[in-house]
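Student: Below: one structure in structure tokens.
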Amino acid sequence: MSDKPSPPARVSLEDVAQRSGVSTATVSRVLNGSASVRQSRREAVERACEELGYVINRAARTLASRRSMTIGAVVPTLATETFSRPLASFQQKIHQSGYTLLLANSDFDPQTELNEVNKLVEYGIDALMLVGNSHHPRLWERINQQGIPCIQTFSVDQRYPSVGYDNQLAASEMTAHLLALGHQKFGVIVGTPPSNDRISERITGTRNALAAAGLQLDEANLISSAFTMNEARQAMFKLLDGPNPPTAVICGNDLLAFGAMRAATERYLRIPGDISITGFNDYEYAEHLEHPLTTMRVELAQIGLCAADYLLATLNGEDAPRQTQLKPELIVRGSSGSAPRQR
């Protein structure tokens, strides 16, 4: 007779139902993320699962339902709030419906993005979230072959489901604000690889607003290779040492604006007395900087929520708006002011 202990019996759905005082059908609905279960019963089931150590058999469920209960997302970078904040709200929303987020980073490279999407599809994702509308030529072909719901974010794209905003208009509004303050010499600091349609559209918006005022952006004053705070700092030095130093600098996001401010301060320039600097997105710290930052406020969390709402509704066979356009808001703070007088 062996003294080897017997393995513990596997906890069943019926065990959870008995512990929580509900039917097995209710337990199943809770575990499948149904919204039709009362909160008190949902909490009872979740508590019973925790107490009993119940673990869902995902493989069996996938075979039975033909769903993996996973949703994929591919973003260009996780280094800024621009994408981390929408992802947080996106994950929270889909989690409430029983889905798990599978996340990948493309590093702004279309081929990497395509490779990551292929891997996510191989893992059997039920839906997908992407950023922007510039992708590898085969990306949408791959998505359509699989027939999985997909939504693009941060850009408005009439061809496919998307949630975003008009980047050209947002940049035009920021430029108009600085023009109204009397600025005529502009600089732009951004990071814009070919796949970043959002920044490309904003550069176009800035150029259009300047052209309407009879001005143009000096090519030497457009620096498109700054992705970090220190790179923005170096970019600012380059602008200040260039042939046509600007009095107003428009940055691609608030992190770059902070780097530009550091460089201006190191050159003993007054902000905004000698130079105005603006950002984009309105990160949490923007209003708490030494020179509170003028920026375009984008409801980053709302982008994630709208994307999740679309995918969840589509997965449930419900109608959902294919296009959601948000409106960025110009937030004027102390980093922008009247252009300095010509000496």
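Student: When you scan the stretch 105-125, how many residues do you find that are small (Gly, Ala, Ser) and either surrounded by 19 or more Cβ atoms within 10 Å (Cβ to Cβ) or at pLDDT 95 or above (or both)?
Tutor: 1
Student: Sticking with this structure for a sec: So Tyr285 fits all but one of (1) touching a residue at least 60 places away in the same chain (Cβ under 8 Å); (2) more than 30 Å from Ala127 (Cα to Cα); (3) hydroxyl-bearing (Ser, Thr, Tyr); what number is the exception?
Tutor: Every listed condition holds for Tyr285 apart from (1).
Student: Would you check which residues across the stretch 206-231 are in a loop (DSSP other than H, G, I, E, B), within 20 Å of Asn253 (Cα to Cα) and either assigned by TED's automatic domain parsing to the domain that holds Glu81 or over 25 Å from the mean Cα position of the chain (by Cα) (or both) and list them? Step through it out loud before you land on a result.
Tutor: Here is the first cut: in the stretch 206-231, the residues in a loop (DSSP other than H, G, I, E, B) are 213-218, 224, 226-228.
Pick out the ones that are also within 20 Å of Asn253 (Cα to Cα) and you get 217, 224, 226-228.
Passing the criteria: only Leu217.
Student: Identify, by number, the condition in (1) out of contact with any Phe, Trp or Tyr (no Cβ under 8 Å at 6 or more places or on another chain); (2) within 30 Å of Ala263 (Cα to Cα); (3) outside any helix (DSSP H, G or I) that Ile203 doesn't meet.
Tutor: Evaluating Ile203 over (1) out of contact with any Phe, Trp or Tyr (no Cβ under 8 Å at 6 or more places or on another chain); (2) within 30 Å of Ala263 (Cα to Cα); (3) outside any helix (DSSP H, G or I) leaves (3) as the failure.
Student: If you take the residues in the stretch 18-32 that are free of Cβ contacts under 8 Å to residues at least 12 places away in the same chain and assigned to a helix (DSSP H, G or I), which one is farthest from Glu50 (Cα to Cα)?
Tutor: The selected residue is Ala25.
Student: Kindly evaluate His183 against the criterion of being assigned to a helix (DSSP H, G or I), in contact with a strand residue (DSSP E or B) (Cβ under 7 Å, 6 or more places away or on another chain) and at pLDDT 95 or above.
Tutor: no
Student: Ok, one more. Pick from Leu215, Leu240, Leu289, Leu269: which is within 13 Å of Val188 (Cα to Cα), hydrophobic (A, V, I, L, M, F, W, C) and surrounded by fewer than 20 Cβ atoms within 10 Å (Cβ to Cβ)?
Tutor: Every option except Leu240 fails the conditions.
Student: Looking at Val190, Val131 in this structure, which one is assigned by TED's automatic domain parsing to the domain that holds Thr247, in contact with a Lys or Arg (Cβ under 9 Å, 6 or more places away or on another chain) and among the aliphatic types (A, V, I, L, M)?
Tutor: Working: Val131 fails: assigned by TED's automatic domain parsing to the domain that holds Thr247.
Exactly one of Val190, Val131 is assigned by TED's automatic domain parsing to the domain that holds Thr247, in contact with a Lys or Arg (Cβ under 9 Å, 6 or more places away or on another chain) and among the aliphatic types (A, V, I, L, M), namely Val190.
Residue by residue, here is whether (1) on the phi > 0 side of the Ramachandran plot; (2) among the small types (Gly, Ala, Ser); (3) in contact (Cβ under 8 Å) with a residue 12 or more places away in the chain holds:
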| site | (1), (2), (3) |
| --- | --- |
| Gly182 | yes, yes, yes |
| Gln234 | no, no, yes |
| Lys238 | no, no, yes |
| Asp241 | no, no, no |
| Asn244 | no, no, yes |
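Student: From Ala313, Ala264, which residue is surrounded by fewer than 24 Cβ atoms within 10 Å (Cβ to Cβ) and more than 21 Å from Arg198 (Cα to Cα)? Explain how you work it out, then say what you get.
Tutor: Details: Ala264 fails: surrounded by fewer than 24 Cβ atoms within 10 Å (Cβ to Cβ).
The match here is Ala313.
The values are calculated or read from the model by the stated rules, or taken from the named source; none is laboratory data. Just so it is clear, the structure is predicted and the values come from calculations on it, not from any experiment. Every residue, glycine as well, gets a Cβ built from its backbone with ideal geometry; the counts of neighbours run over all protein chains shown.
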